[in-house]
Amino acid sequence: MSPRSPAVNEELRRRSRERLLQAAAELVGERGYEASTLGDIADRAGAARGLVSYYFPSKRQLLQTAVHRLMHRTLTQAFQRPPQPSVPLAGDELMARAIDAILGLAQERPVLMRAHMAGLLQQEGFIECTEQQQLALLLREAVARHGSLDPEADYRLLRAQLMGSVVALLLPGAPMPLAQLRRELFARYGLAWHLGSPPGPGPLPGGELGPAGSGRPARC
């Protein structure tokens, strides 16, 4: 049997790493961070325990990478979602989809996203990786297409605002309604409520949200 070529070996390593990232997101989303051991993640991925340490120095870095991967893939899907015009999406629509994609992840995967946000406040802090860089490229594209004159600075501001909204949405005991957080972000960027993926019927005159919106009463 002839030895595998370097290209084949590289592809096998890529697939192993992808399986570990997928398994980490699944398990932490199901059980929480503390209850998800590296051994459990390796078993879910069908990989040897030592392979986890080969790719990721710590469980915290594995989780951050897994969530950043999930986030940039979710953003990519949102940007490519129909209806697709014959020309690139307008800047407002792209920004709306970016905001809705991240807020939607927090709503759909609360255990996973809560663990991710808690990890950012740990000693290791914010860890840059290939997946995070891909996420950054997509968010920079959104702010640039929205008309930013300084995409790097405005991307960092958007990132901070999205992180703050995710924390507010997931805060145990005192969560903010998604539609209210969305309204604040949309107002900041001058976005019409119908863009992206609105969670309800939209704001009523005066800026209040209807019954299926933020939970705030509509004006009578």
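Exposure proxy check: Thr65, Thr37 ranked by fewest other beta carbons within 10 Å?
On the way: Thr65 23, Thr37 14.
Ranked by crowding around the Cβ, least crowded first: Thr37, Thr65.
List the pair-distance distribution P(r) of segment 59-188, using every Cα-Cα distance, as the percent of pairs falling in each 10 Å bin from 0 up to the bin containing the longest distance, rounded to whole percents.
Reading upward from the zero bin: 12, 44, 35, 8, 0.
I'd like to know which of Ala96, Ala115, Met163 lies farthest towards the positive end of the charge dipole of segment 59-188, counting +1 on Cβ of Lys and Arg and -1 on Cβ of Asp and Glu.
Ala115
Which FRET efficiency value, to the nearest 0.05, do you get for Ala174 and Glu124 by plugging their Cβ-Cβ distance into 1/(1 + (r/R0)^6) with R0 = 22 Å? Write out the running numbers ahead of the final one.
Details: r = 27 Å, r/R0 = 1.21.
My answer for the efficiency is 0.25.
Under a Cβ-only charge scheme (Lys and Arg +1, Asp and Glu -1), can you give me the dipole magnitude of segment 42-195 about the Cα centre, in debye to the nearest 20? Mind showing how you got there, number by number?
On the way: 17 positive and 13 negative charges, 84 e Å.
Roughly 400 debye for segment 42-195.
Readers should treat all values here as calculations from the given coordinates under stated rules, not as data from a laboratory. Predicted model, so just to flag it, every value in this text is computed and none were measured. Using ideal geometry, Cβ is built from the backbone for each residue, glycine included, and neighbour counts are taken over all protein chains shown.
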